[in-house]
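First comes the structure, then the notes that go with it.
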Amino acid sequence: MEALKRSFGEIRKYPSAVIGVIMILVLIGLAIYTVATIPYSEAIRLWRGGEDIWYSTPRNAFPVWTNWFTDVKQPETIVMFSEDNPDVTKEYTTTSSGKTDIKMSYTFDYTADDFPQELSLFFKTEYVAKEPFASITWETPDGRTIRVGDLAVSRKQTYRISQDEALVRRLGGEKPEVGLFADPESPDPENPQVLKGTYKINVSVLLFEDTGDASAEYVVFGEVFGWAGTDHRRRDLMLPLMWGAPIALLFGLLASAGISVLTMIISAIGGWYGGVVDGIIQRITEVNLTLPFLSILIMIGTFYSRSIWTILGATIVLSIFGAAIKTYRAIFLQIRESTYIEAARAYGASDMRIIFRYLIPRIIPLLIPGLVLGVPAFVFLEASLAVLGLGDPVLPTWGKIINDAWVNAALYNGYYYWILEPAVLLMITGLAFAMLGYSLDRIFNPRLRGL
Amino acid sequence: MAENNSSLLDVHDLKLHFRASAGIVQAVDGVNFQLNRNEAVVVLGESGCGKTSLAKALLRLLPRNVAEYSGEVYLGGEELMGLTDEEYRKQIRWVRMSMVPQAAMNALNPVLRVGDQVAEPMMIHAGIKKEEALAQARDMFSRVGVSADFLHRYAFELSGGMRQRVAIAMSLVTLPDLVVLDEPTSALDVLTQANIFNLLKRIKKEFEVSFILITHDIATSSELADRVAVMYAGQIVEVGDAESFFSAPLHPYAQKLMASVPRLRGDQELEFIIGKPPSLIDLPTGCRFAARCPRRFEKCDQDPPVFDMGNRRIVKCWLYEGN
Amino acid sequence: MAEILEKKLKDQDFSDTGALLQVKRLHVWFELRRFGFGHAGYVRAVDDVSFELKAGQAIAVVGESGCGKTSLMKTILGLNTPIKGDIIFDGMKLSELDRKGMMEYRSKIGFVQQDPYGALPPFMSIRSILDEPLIINGVKDPKERNERIRQVMEEVRLSPVDDFIEKFPHMLSGGQQQRVVIARAMILEPKLIVADEPVSMLDASVRVEILKLLENLQKSHNLAVIYITHDLSTVRYFSERIFVMYAGKVAEKAVVDEILNNPLHPYTEALLTATSEPDAANARIYKEVPPGEPPSLVNPPTGCNYHPRCPKIIEGLCDLEDPPEFEPVPNHLTLCWLHKDA
């Protein structure tokens, strides 16, 4: 296998191959990092989770990098929890009547050019019988204080400031997320501007019992979130983008390697034994080539199982008797007549030894580029099935993101990032393997190299 | 140089170098020889000595990776290297100089009838109609000993010997002055080989054509040779008439080569040459045969010039300095 | 067809004559099938060939392509199955060997092929190439294999061994490649070497080297050698006897000098005439060689196979009746009616 090593060493001479290898290594690095940092069960939990998990993320937020390309900087999401946060002060005051007043005050800078999507407070309280009472006030950078609202809070209470009708009225019909941040000296009151600076929201929770506690998480839902943005279910797209990498690579590599190797072995067996064995393999191949591959996959996905393993198995089974059998067979028939094989027979090599030790190594230089070039094809296949709604029901994949985006009319709504991100990753994957594959083809099959 | 009236081909310092991944292959590196009308010269050489490249250089059938193609080639007094490719194709190749390529019997087009293939050069170069060309092809077939019935056959229906005859017919249809034969019989059986050489001898007389026979087979080369040129590592090291060459070669390489030819009769002990020829990419300075030469001496570190031994015999070896 | 064969084989005997190799009335016919089934005749590649070979004896089988010499060779190597007749090698009857017996049979015959580059798997190093026969034939100890490989490489003068052992075939010259092929043939310590045109693809300057190497090995190991060639001029440097084959049959058998100096069969004569020696006089003469081609092996002519090309044909005899083996000179046998009165 020295020769193979030498050929791989030649990769360095092909810049496109080097770039391809680097890209593949980055993808593999991403895949390993993902699996190591977000374990499978956690990924599934997050991906399938609803509002209970994704309560603090904005809906359909653009990724933060979109701010680099616009003059109007969109607000980022601010999440402040009352515990262990230096920008939140929390004071307990016990009154003579045995009540405890918890004052929490959140200080934050607001420097975006546009108003946030939503404002919310998520309370958690401990009490025995009587619900604590919370009152919230708002301090603007120019020194105004606005009463936001008062409410009784249960053990787990969400206060959606943005939906507080009373507050809307107090703000003169302005939506709270606008009114609270608006500059009163805006030149056009119809179209208020953001007053930038340090804001403060004070939450005071009054406990009516001796024991008990309260905490609150304050969230300013921005218009941008994270490096990937979020989807219609507030899920951070980073999760499926990252987890899509190991799944896509695994699917592509397993399918491509499985198919290439099995196809090669089958055609080697047919080519070596010839006769009936070869005849059967050829007939199966011919029948298989007329079967509508995608339609069968769709049927399996629709009626049987959409599990990625089922689809992988079906893909392999339906592809091993592919057109490559004919190509390999033609080559094997030629190699079979090589005099070195005649020599091997003369010194007693068994059929299996001839197939695996003398026939197959000759075709590996052809197989490897084909295998590499096959990977993106199967990555795209998996994505395509997911786009058609036949993706694995539990796994976060790139195809699933596109499917979600498509179902939710992402482009119509202008959420281009939603489709762009998985598409770019798919393209990078395809490009990486294609760049390496075509270079390998030139290395292993010098006739293609040209002079 | 011999400005003989009957001189047909004069080659001066012909070079053909190729680019390869490992470096420049100096396949033909300063070749000089001269050929008279109706004369056959054998270019003898072992595999990888550049003899096939020499044929390609003469016919200007160049691959794309040519690094250098230079020198002077006079055909009947006309300089050929100055011609453009188009002029060369129209005026020289297959008009005045043609070729029977190596393994010609496998080089025939499998999907054309052999008659059409033989007629093709006439239609291209003489511009004659197909019917007439086919009639001439029929005539040429009979002269190379192929039945006219075979005109309408395909190459795979013919035996190796017949295909070789068709390839020879193809090289002769335009009545060129010079035919380059590249290993014309190496893949043929002994009896067929003898028949083909009989045919070539007859053709040489009948058509008054000159041959350059490129071969590695010393024994059969004597069947056609008026003169012999020995090629080693891209250069011609000895040229002489067949009579004197086969009885007493001068260059040590030629001597060794002759001594390695197995003979049917006689008690001569066979010899062989130790080592292998230098790579055409990394040639030694000095004499290229020096490393294997039993008669080498200090001078061999310098490249020997060509010594003229008189009687159109030249040798590129320091042993003959001053003769 | 079967009847004719039966008649031909009636008086077979398999008596032990002390020969290493006995080829007994060997018929290697390949069945032609029409559209994959249905009998369409036979290719009579080897048609009733018998001979014996003693240990340490070298013979040459000379003939043109398609004369059956390759089929004969492959049958002796156990790669083709004869339709009739048998081969007895070193006490083993080819027709009665089981799988294990076949392994042993094959391990005792070394095979040197024509094209050294094609005969060596290009993806294996010299070490693996030489390792293979040992592994297949059950030499389990890697140390022993290594020793055997080094020893055989020394024997074929691929030395210093370390310069070659890790190389790949394409890094070697043609002569070195052929030495590897010979080393592989020798590594199982065979009793018989079958050499199929071992030098025809090599340059003139190395041919002799390989022939001499084979000769030395033959002598030092007391090897029997079957040297298959189309080139009569090389055989006398190497073999004692020559078998001239034409169209599936052995036309003439004799010791080398007899064949060269006193050819009895017109085909042998033609071969000798056609074989050139380096002589400037050749260019001035036309050779008297028969025109035409060897006959089809599917429908061989009636009578003598050579009669359509033979200049000495006896009309009414050669074209009708198969010539039997005549022995006009002691130990010089020929299938030719010209010698019917001898």
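Right, residue A:364: assigned by TED's automatic domain parsing to the domain that holds residue A:393 and modelled with pLDDT under 90 or not?
yes
So in the range C:225-234, with the set limited to residues that are over 12 Å from the mean Cα position of the chain (by Cα) and of a type outside the set (Ser, Thr, Tyr), which one is surrounded by the fewest Cβ atoms within 10 Å (Cβ to Cβ)?
The residue in question is C:231.
Can you name every one of the helices (runs of 4 or more DSSP H) wholly within the range A:296-406 that holds 1 or more residues which are touching a Pro at 6+ places or on another chain (Cβ under 8 Å)?
Per the criteria, A:339-346, A:360-385.
Considering the range B:201-213 alone, what residues qualify as being closer than 11 Å to residue B:179 by Cβ and within 13 Å of chain C (Cβ to nearest Cβ)? Steps first, answer last, please.
Start the filter on the range B:201-213 by keeping residues that are closer than 11 Å to residue B:179 by Cβ, which leaves B:203-204, B:207, B:209-213.
Correct list: B:203, B:204, B:211, B:213.
When residues of the range C:120-144 are filtered for being more than 23 Å from residue A:444 (Cβ to Cβ) and within 14 Å of chain A (Cβ to nearest Cβ), how many remain?
Qualifying residue count for the region: 11.
Please state which one of B:105, B:123 is more than 28 Å from residue B:215 (Cβ to Cβ) and at pLDDT below 90.
B:123
Is there any pair linking a residue in the range C:93-112 that is within 9 Å of another protein chain (Cβ to nearest Cβ) and of a type in the set (Lys, Arg) to one that is surrounded by 14 or more Cβ atoms within 10 Å (Cβ to Cβ) and not in a helix (DSSP H, G or I), with Cβ under 8 Å and at least six apart or on different chains, and which?
Close Cβ pairs (under 8 Å, with a partner that is surrounded by 14 or more Cβ atoms within 10 Å (Cβ to Cβ) and not in a helix (DSSP H, G or I)) amount to C:106/A:347; C:106/A:348; C:106/C:77; C:106/C:78.
Could we say that residue A:281 is in a helix (DSSP H, G or I) and within 20 Å of the chain's Cα centre (by Cα) here?
No.
Does residue C:158 qualify as being within 14 Å of chain B (Cβ to nearest Cβ) and more than 25 Å from residue B:261 (Cβ to Cβ)?
When the stated conditions are applied, residue C:158 passes them.
Out of everything in the range B:71-127 that is β-branched (Val, Ile, Thr) and within 18 Å of the chain's Cα centre (by Cα), what residue ends up being surrounded by the fewest Cβ atoms within 10 Å (Cβ to Cβ)?
Just the residues of the range B:71-127 that are β-branched (Val, Ile, Thr), to begin with: B:73, B:84, B:92, B:95, B:100, B:111, B:114, B:118, B:124.
Add one more test, that the residue is within 18 Å of the chain's Cα centre (by Cα), and what stays is B:73, B:92, B:95, B:100.
Working: B:73: 22, B:92: 22, B:95: 18, B:100: 26.
Of everything passing the filter in the range B:71-127, B:95 is surrounded by the fewest Cβ atoms within 10 Å (Cβ to Cβ).
Residue under question is residue A:62, and the condition is that it be under 25 Å from residue A:416 (Cα atoms) and of a type in the set (A, V, I, L, M, F, W, C); does it hold?
So residue A:62 passes the test.
Can you name every residue in the range C:65-81 that is in contact with a strand residue (DSSP E or B) (Cβ under 9 Å, 6 or more places away or on another chain) and polar (S, T, N, Q)?
C:70, C:71, C:75, C:80, C:81
Here's the yes/no breakdown for (1) in contact with a helix residue (DSSP H, G or I) (Cβ under 9 Å, 6 or more places away or on another chain); (2) more than 30 Å from residue A:206 (Cβ to Cβ); (3) among the aliphatic types (A, V, I, L, M):
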residue: A:61; (1), (2), (3): no, yes, yes
residue: A:67; (1), (2), (3): no, yes, no
residue: A:77; (1), (2), (3): no, no, no
residue: A:91; (1), (2), (3): no, no, no
residue: A:103; (1), (2), (3): no, no, no
residue: A:109; (1), (2), (3): no, no, no
residue: A:125; (1), (2), (3): no, no, no
residue: A:136; (1), (2), (3): yes, no, yes
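Would you confirm whether any residue within the range A:412-434 is free of Cβ contacts under 8 Å to residues at least 60 places away in the same chain, assigned by TED's automatic domain parsing to the domain that holds residue A:314 and not in a helix (DSSP H, G or I)?
The answer is yes, given that some residue of the range A:412-434 is free of Cβ contacts under 8 Å to residues at least 60 places away in the same chain, assigned by TED's automatic domain parsing to the domain that holds residue A:314 and not in a helix (DSSP H, G or I).
Go through the range C:243-268 and report how many residues are buried (at least 19 other Cβ atoms within 10 Å of the Cβ), within 12 Å of chain B (Cβ to nearest Cβ) and either more than 18 Å from the chain's Cα centre (by Cα) or within 20 Å of residue B:193 (Cβ to Cβ) (or both).
Looking only at that region, the number is 8.
Filter the range B:137-181 down to residues that are touching a helix residue (DSSP H, G or I) at 6+ places or on another chain (Cβ under 8 Å) and aromatic (Phe, Trp, Tyr) and give me whichever is surrounded by the fewest Cβ atoms within 10 Å (Cβ to Cβ).
Going through the qualifying residues, I end up with B:154.
Has the range A:24-39 got any residue that is touching a strand residue (DSSP E or B) at 6+ places or on another chain (Cβ under 6 Å) and touching a residue at least 40 places away in the same chain (Cβ under 8 Å)?
The answer is no, given that none of the residues of the range A:24-39 is touching a strand residue (DSSP E or B) at 6+ places or on another chain (Cβ under 6 Å) and touching a residue at least 40 places away in the same chain (Cβ under 8 Å).
The values are calculated or read from the model by the stated rules, or taken from the named source; none is laboratory data. On a predicted model such as this, the values are computed, not experimentally measured, just so you know. Cβ: placed from backbone, ideal geometry, glycine included. Neighbour counts: every protein chain shown.
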